[in-house]
1. Within region B:37-82, how many residues turn out to be within 18 Å of B:Y103 (Cβ to Cβ), small (G, A, S) and part of a loop (DSSP other than H, G, I, E, B)?
2. Would you check if B:L33 is assigned to a strand (DSSP E or B), touching a helix residue (DSSP H, G or I) at 6+ places or on another chain (Cβ under 7 Å) and not small (G, A, S)?
3. Looking only at region A:62-72, decide whether some residue is within 26 Å of B:Y89 (Cα to Cα), within 14 Å of another protein chain (Cβ to nearest Cβ) and not acidic (D, E).
4. Taking the options B:C23, B:C91, name whichever one is farther than 20 Å from A:Y88 by Cα and either of a type in the set (F, W, Y) or within 14 Å of the chain's Cα centre (by Cα) (or both).
5. For region B:8-45, name all the residues that are within 17 Å of B:S65 (Cα to Cα) and touching a Cys at 6+ places or on another chain (Cβ under 9 Å).
6. Specify which of the listed residues (B:G27, B:G54) is away from chain A (no Cβ under 14 Å) and either in contact with a Ser or Thr (Cβ under 7 Å, 6 or more places away or on another chain) or in contact (Cβ under 8 Å) with a residue 60 or more places away in the chain (or both).
7. Output the residues belonging to region A:37-56 that are part of a strand (DSSP E or B) and either out of contact with any Ser or Thr (no Cβ under 7 Å at 6 or more places or on another chain) or of a type in the set (G, A, S) (or both).
8. Mind counting the residues in region A:37-79 that are among the aliphatic types (A, V, I, L, M) and more than 19 Å from A:G103 (Cβ to Cβ)?
Amino acid sequence: GESVGLHLPTLSVQEGDNSIINCAYSNSASDYFIWYKQESGKGPQFIIDIRSNMDKRQGQRVTVLLNKTVKHLSLQIAATQPGDSAVYFCAEKETSGSRLTFGEGTQLTVNP
Amino acid sequence: SQTIHQWPATLVQPVGSPLSLECTVEGTSNPNLYWYRQAAGRGLQLLFYSVGIGQISSEVPQNLSASRPQDRQFILSSKKLLLSDSGFYLCAWSVSWDGVSQYFGPGTRLLVL
């Protein structure tokens with residue numbers, strides 16, 4: 001299943017399916033992007049990051065894709081598991097400074 | 001390895017009372033430190049960040065303040081809490097020379113009544 005993080009804040013998928021969570025950013029000066037996972041009542045957990053000189057990066061069961069032309073970032077989770085249920089945030093950082101700007105988040109629910 | 005602690009985990013305070021939330025980081029030196037607030041079901045709002053002892057940058061005008069009395073200690077305070085101060089407060093750190101990937105603490109849930 002797919003979602004646009006800023007317009008469809010919820011995504012529901014079946015266990016074992018692949019999930020795609022999308023994020024649109026507006027700052028063309030952003031050169032670094034991060035995906036965080038936040039479980040209920042806990043702090044955000046770093047998942048994966050990508051720099052603007054890359055368009056794809058893979059981790060364990062996760063892939064981040066960056067399309068700078070349309071300012072779009074996505075997180076793909078393979079074989080989604082119940083433990084993946086959480087809110088997922090994208091964050092961006094400008095070339096200068098250490099300030100991150102967070103998106104509003106997407107609630108991912110994995111149905112058994 | 002680095003760890004970040006926040007306390008208390010939850011706090012219920014009356015309107016007009018003072019506030020002090022503490023954050024400490026272990027296993028790293030001279031980190032950048034951050035305070036965020038998160039409203040229920042929403043994203044993170046940066047409140048303060050610090051690049052060194054005694055150096056505080058405020059992002060949003062409000063009745064909160066921050067201090068960094070030691071290298072790995074970051075404190076969020078208020079003299080008089082408002083109802084609108086309720087929320088989930090998160091502390092984060094990043095490597096000073098990089099300052100990109102931020103790692104978050106477990107958070108403090110504050111309810112002002």
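The values are calculated or read from the model by the stated rules, or taken from the named source; none is laboratory data. Source: prediction; values computed, not measured. Neighbour counts are summed over all protein chains in view; Cβ atoms, including those assigned to glycine, are modelled from backbone coordinates with ideal geometry.
1. So the answer is 1.
2. No.
3. No.
4. None of the other options fit; the residue is B:C23.
5. B:L21, B:E22, B:C23, B:T24, B:L33, B:Y34, B:W35, B:Y36
6. Values: B:G54 fails: either in contact with a Ser or Thr (Cβ under 7 Å, 6 or more places away or on another chain) or in contact (Cβ under 8 Å) with a residue 60 or more places away in the chain (or both).
Among B:G27, B:G54, only B:G27 is away from chain A (no Cβ under 14 Å) and either in contact with a Ser or Thr (Cβ under 7 Å, 6 or more places away or on another chain) or in contact (Cβ under 8 Å) with a residue 60 or more places away in the chain (or both).
7. Taking region A:37-56 first, the residues part of a strand (DSSP E or B) are A:37-38, A:45-51, A:56.
Once the filter is applied, which keeps residues that are part of a strand (DSSP E or B) and either out of contact with any Ser or Thr (no Cβ under 7 Å at 6 or more places or on another chain) or of a type in the set (G, A, S) (or both), region A:37-56 yields A:K37, A:Q38, A:Q45, A:I47, A:I48, A:I50, A:R51.
8. Residues flagged as among the aliphatic types (A, V, I, L, M) and more than 19 Å from A:G103 (Cβ to Cβ) within region A:37-79 amount to 3.
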